[in-house]
Amino acid sequence: MTLERHKYDVLVIGAGGAGLRAAVEAREAGLKVAIICKSLFGKAHTVMAEGGAAASMGNANSNDNWQVHFRDTMRGGKFLNHYRMAELHAKESPDRIWELETWGALFDRTKEGKISQRNFGGHEYPRLAHVGDRTGLELIRTMQQRIVALQQKDARDHGSAESFIKVFAELTITDILKENGKVAGAYGYYRETGADVLFEAPAVVIATGGVGKTFKITSNSWEGTGDGHALALKAGASLKDMEFLQFHPTGMVWPPSVRGILVTESVRGEGGILTNSLGERFMFKYIPDVFKDKYADNEEEADRWYTDQDNNRRPPELLPRDEVARAINSEVKAGRGTEHGGVFLDVSKRISAEIIKKRLPSMWHQFYELAGVDITKEAMEVGPTCHYVMGGVDVEPDNAAAIGVPGLFAAGEVAGGMHGSNRLGGNSLSDLLVFGRRAGMGAAEYVKSNGDNPVSQSTIDAASARIEAPFKRSGGENPYALHQELQEVTHNLVGIIRTKSELDEAIVKIADIRRRSADVTVAGDRKFNPGFHLAFDLDNMLLVAESSAKSAVLREESRGGHTRDDFPGMNSEWRQVNHIASFDGVQVNVQKKALPVLPKELFDLFDPHELEKYMTPEEMSKGGSN
Amino acid sequence: MARKLKLRIWRGDSTSGGLKDVTVDVNDGEVVLDVIHRVQAEQMGDLAVRWNCKAGKCGSCSMEINGKPRLACMTQCASFGEEETITITPLRAFPVIKDLVTDVSFNYKKAMEIPAYEHPKNLAPGEARMEQIDVERSQEFRKCIECFLCQDVCHVVRDHEENKKSFAGPRFFIRIAELDMHPLDMLKNRKKTAQEEHGLGMCNITKCCTEVCPEHIRITDNAIIPMKERVADQKYDPVRWLGSKIRKREGIL
């Protein structure tokens with residue numbers, strides 16, 4: 001059988017928000033672009049984003065601006081964010097949202113007819129552009145339709161809709177290929193037929209999203225298997241701060257089959273309160289010192305905030321996600337959880353049934369159809385679920401170039417640095433747009449001075465042999481069983497609360513599963529064979545789990561999405577440290593790297609009394625870099 | 001809690017296939033997709049099924065359950081009788097690839113045929129002002145998760161392969177309606193082209209599409225019928241016809 005070959009200027013792996021935005025940008029720069037989707041076009045996990053996209057347009061509160069958004073993002077990330085990414089993100093998000101409107105997006109409106117903005121955890125002002133609670137769907141559909149519009153134009157101007165952009169659906173990439181130390185393309189297989197396919201392209205943008213399927217309870221779909229993280233590692237790039245995983249505080253807990261499915265933070269933004277089995281509104285007990293001046297410590301003030309935000313502090317239900325997740329975890333552990341091991345989230349007491357159905361339609365639908373709960377009348381049962389990985393490919397902020405691999409770019413959830421140790425809700429959709437575009441620009445710029453880099457036959461042979469391998473083995477284990485075993489290990493030992501001994505145990509167990517996974521055998525043939533597909537996904541998840549566990553055991557403090565029972569406090573010395581994971585072909589190695597110092601003009605945006613809570617006296621005396 | 005559930009799952013490909021009986025454990029609260037996954041993990045490792053979000057938001061796990069087009073992730077096992085055998089088959093309107101997976105590329109081809117949104121030339125990013133009430137009409141159609149159940153159930157194409165060429169189907173009628181009702185879209189004559197180029201006239205309003213829509217979009221009442229009515233108005237009302245020509249010449253409409 002002859003190998004199917006394609007040649008493009010830019011190959012975009014991943015067709016969620018970041019990938020599609022990168023593809024639009026590269027096409028508009030005049031390049032030929034291939035978009036790889038692991039599933040069908042338009043089904044990527046971006047559709048699951050509910051709450052909205054954060055951008056300081058100032059439509060709901062005119063005091064908002066990029067500086068306030070920047071400050072909120074840095075606080076949310078406990079100052080471990082790469083300042084430059086947070087800065088670019090805060091500055092450029094409004095333009096990226098408005099641009100979507102020029103492509104046909106229809107956001108909800110304010111009375112003045114502008115884009116409506118809603119409250120969310122950690123955001124000082126109402127900032128999330130939204131469409132009910134299905135903002136991600138609007139975003140991905142808008143960009144999908146933008147791609148189609150560009151293809152229609154190409155059909156008119158160049159004779160074929162696919163002359164410049166082609167979408168390859170249901171295709172898995174198994175290797176990023178390099179020649180002469182630079183990216184040369186990628187290799188993979190069609191999920192439908194199992195047939196191999198080669199892409200030659202001097203620039204590759206990784207936009208593969210997250211890693212949630214590494215964990216047992218997750219809001220992520222089957223696609224979140226860390227493919228891009230693993231592809232980048234194997235291509236010689238590094239993963240930054242993989243210990244930081246966001247456990248979203250509110251996933252469904254019952255029935256078991258939907259455990260982990262997301263309950264949008266908008267429920268709390270719209271007034272939902274959290275109570276334990278004793279009926280206590282427990283979040284007041286969990287306001288950390290660094291947030292005491294911004295969050296109400298009593299119910300009366302918290303309730304007043306919904307109508308008068310200028311004279312009251314915010315309800316503690318709207319603390320950043322890491323804080324709320326840990327609080328729920330503590331309540332359940334202390335025996336004050338619900339029957340199914342969660343807590344109650346109730347929006348029915350504060351807003352009318354009509355408004356709930358209008359503002360939270362898909363939540364109403366989801367609970368009614370899947371759990372038999374009418375959220376306009378009753379409380380939901382919720383608990384933490386693995387939702388997002390802050391860690392990811394170590395990139396240059398301005399052009400999204402993966403450090404150490406010329407021609408490789410990464411954007412969206414798969415990239416690290418933007419969110420520090422914890423991501424604020426709403427900052428993901430805007431991240432996709434801002435850095436998806438920048439990755440497209442970066443790739444286009446790179447291609448200008450780096451033309452074709454042909455892939456050698458020996459490289460092709462090696463990639464091809466890897467795909468064939470699971471069918472050539474016999475007597476190995478079943479990939480489904482190994483996947484479940486990995487999920488148990490990560491859930492029990494690398495979860496919300498961690499200790500050294502458990503992490504050490506996890507590292508040993510992950511290595512053992514990886515050794516056994518080298519022998520997995522799959523039933524059937526190559527044609528649309530989920531067992532075969534999982535064999536490759538498993539490989540990726542194992543590298544991700546190893547990176548996370550090894551980074552987590554080294555970080556001896558608690559910060560954002562990394563909580564150590566044996567090191568419960570936040571430590572200013574550790575704030576200056578990024579963990580950089582690399583792969584030597586056998587195992588993952590983690591090293592420390594200094595976090596870039598906040599420049600003076602950004603340092604000066606903060607009240608020094610606030611920065612003192614995060615920084616060492618030495619850092620404070622320097623007052624940022626010049 | 002676990003009980004046994006009897007399933008008949010269609011297995012095969014474009015050349016041949018048939019229903020295979022399996023018995024599988026089912027727990028309280030589980031949906032059909034859960035038991036399909038259990039079959040996959042325990043009995044048929046290579047059973048092909050599409051799915052993504054498992055929360056009714058992505059529209060991937062479309063299939064026919066006891067002959068009815070449905071999302072497997074939103075179909076509760078408890079909705080069937082204890083002794084009932086559940087028959088699971090691939091979407092009938094599209095060619096089978098393998099087992100429960102069909103080739104839905106027809107829909108992506110049709111999407112390419114619908115002219116894109118056209119933003120007003122002089123309206124810069126950030127300047128758009130729209131009333132909530134005006135965007136809501138199109139927002140209803142933008143809830144579409146592209147599960148293509150409406151395309152599958154529509155009898156214009158379900159058993160009439162020959163109609164596919166000239167019929168865009170309900171999913172794309174709501175796409176046209178969405179653009180037609182979009183407060184800012186500048187492209188004219190969307191209703192007319194729906195009738196003349198996308199096969200709107202072939203629809204005889206049996207509402208099957210509305211019935212299967214998991215997003216409860218009122219495809220027939222809110223998109224198809226209003227477009228048909230206005231097409232009819234424009235076609236047969238000579239005053240309106242003349243008016244539209246005159247205004248068009250002056251560049252007003």
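The values are calculated or read from the model by the stated rules, or taken from the named source; none is laboratory data. Every value quoted in this text rests on a predicted model; they were computed, and no experiment measured them. All Cβ positions, even for glycine, are placed from backbone atoms using ideal geometry, and neighbour counts span all protein chains on display.
Laid out as a table, the results:
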| quantity | calculated |
| --- | --- |
| Matching entry among A:GLU369, A:GLU381, A:GLU413 (being surrounded by fewer than 20 Cβ atoms within 10 Å (Cβ to Cβ) and either over 28 Å from B:ASP28 (Cα atoms) or more than 21 Å from the chain's Cα centre (by Cα) (or both)) | A:GLU369 |
| Count of residues meeting criterion [part of a loop (DSSP other than H, G, I, E, B) and either of a type in the set (A, V, I, L, M) or free of Cβ contacts under 8 Å to residues at least 24 places away in the same chain (or both)] in the stretch A:31-45 | 4 |
| Residues located in the stretch A:514-530, provided they are at pLDDT below 90 and in a helix (DSSP H, G or I) | A:PRO530 |
| Scope the stretch A:225-276; condition part of a loop (DSSP other than H, G, I, E, B), within 28 Å of A:ALA296 (Cβ to Cβ) and of a type in the set (Val, Ile, Thr); matching residues | A:VAL253, A:VAL263, A:THR264 |
| Unique match (being closer than 19 Å to A:SER330 by Cβ, hydroxyl-bearing (Ser, Thr, Tyr) and either surrounded by fewer than 24 Cβ atoms within 10 Å (Cβ to Cβ) or at pLDDT 90 or above (or both)) among A:THR307, A:THR250 | A:THR250 |
| Meets criteria (surrounded by fewer than 20 Cβ atoms within 10 Å (Cβ to Cβ), within 11 Å of chain A (Cβ to nearest Cβ), out of contact with any Leu (no Cβ under 6 Å at 6 or more places or on another chain) and at pLDDT 95 or above) for B:SER105 | yes |
| Contacts under 8 angstrom Cβ, first residue in the stretch A:451-478 being closer than 24 Å to B:MET44 by Cα, partner part of a helix (DSSP H, G or I) and polar (S, T, N, Q), 6 or more apart | A:GLU477/A:SER517 |
| Top-ranked residue in the stretch A:254-277 [being under 22 Å from A:PRO315 (Cβ atoms) and within 14 Å of chain B (Cβ to nearest Cβ); ranked as surrounded by the fewest Cβ atoms within 10 Å (Cβ to Cβ)] | A:LEU262 |
| Qualifying residue in the stretch B:151-164 (condition: at the interface with chain A (Cβ under 9 Å from one of its Cβ atoms), part of a loop (DSSP other than H, G, I, E, B) and at pLDDT 95 or above) | no |
| Complete set of residues in the stretch B:1-43 that are of a type in the set (Asp, Glu) and either outside the structural domain of B:MET74 (by TED's automatic domain parsing) or farther than 16 Å from B:THR89 by Cβ (or both) | B:ASP25, B:ASP28, B:GLU30, B:ASP34, B:GLU42 |
| Residue within the stretch B:133-156 that is over 22 Å from B:ASP221 (Cβ atoms) and of a type outside the set (Ser, Thr, Tyr) present | no |
| Qualifying residue in the stretch A:553-561 (condition: surrounded by fewer than 21 Cβ atoms within 10 Å (Cβ to Cβ) and hydroxyl-bearing (Ser, Thr, Tyr)) | no |
| Among the candidates B:VAL26, B:VAL39, B:VAL31, residue that is more than 8 Å from every other protein chain (Cβ to nearest Cβ), under 19 Å from A:LEU370 (Cα atoms) and of a type outside the set (Lys, Arg) | B:VAL26 |
| Index of the failed condition, A:GLU162 passing every other in (1) buried (at least 18 other Cβ atoms within 10 Å of the Cβ); (2) out of contact with any Pro (no Cβ under 6 Å at 6 or more places or on another chain) | (1) |
| Count - residues of the stretch A:224-253 that are within 14 Å of chain B (Cβ to nearest Cβ) and not aliphatic (A, V, I, L, M) | 5 |
| Test: residue in the stretch A:93-107 that is within 11 Å of another protein chain (Cβ to nearest Cβ), part of a loop (DSSP other than H, G, I, E, B) and of a type in the set (Phe, Trp, Tyr) | yes |
| Residue tally, condition more than 8 Å from chain A (Cβ to nearest Cβ) and on the phi > 0 side of the Ramachandran plot, over the stretch B:44-72 | 2 |
| Elements of type strands (runs of 3 or more DSSP E) contained in the stretch B:8-109, each with 3 or more residues being free of Cβ contacts under 8 Å to residues at least 24 places away in the same chain | B:17-26 |
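Conditions (1) more than 13 Å from every other protein chain (Cβ to nearest Cβ); (2) in a loop (DSSP other than H, G, I, E, B); (3) among the charged types (D, E, K, R), marked per residue:
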{"position": "A:VAL131", "(1), (2), (3)": "no, yes, no"}
{"position": "A:LEU139", "(1), (2), (3)": "no, no, no"}
{"position": "A:LYS178", "(1), (2), (3)": "yes, no, yes"}
{"position": "A:GLU192", "(1), (2), (3)": "no, yes, yes"}
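Residues are listed down the side, and each one gets a yes or a no for (1) surrounded by 21 or more Cβ atoms within 10 Å (Cβ to Cβ); (2) more than 24 Å from B:GLU178 (Cα to Cα):
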| site | (1), (2) |
| --- | --- |
| A:LYS114 | no, no |
| A:PHE120 | yes, yes |
| A:GLU124 | no, yes |
| A:ARG134 | yes, no |
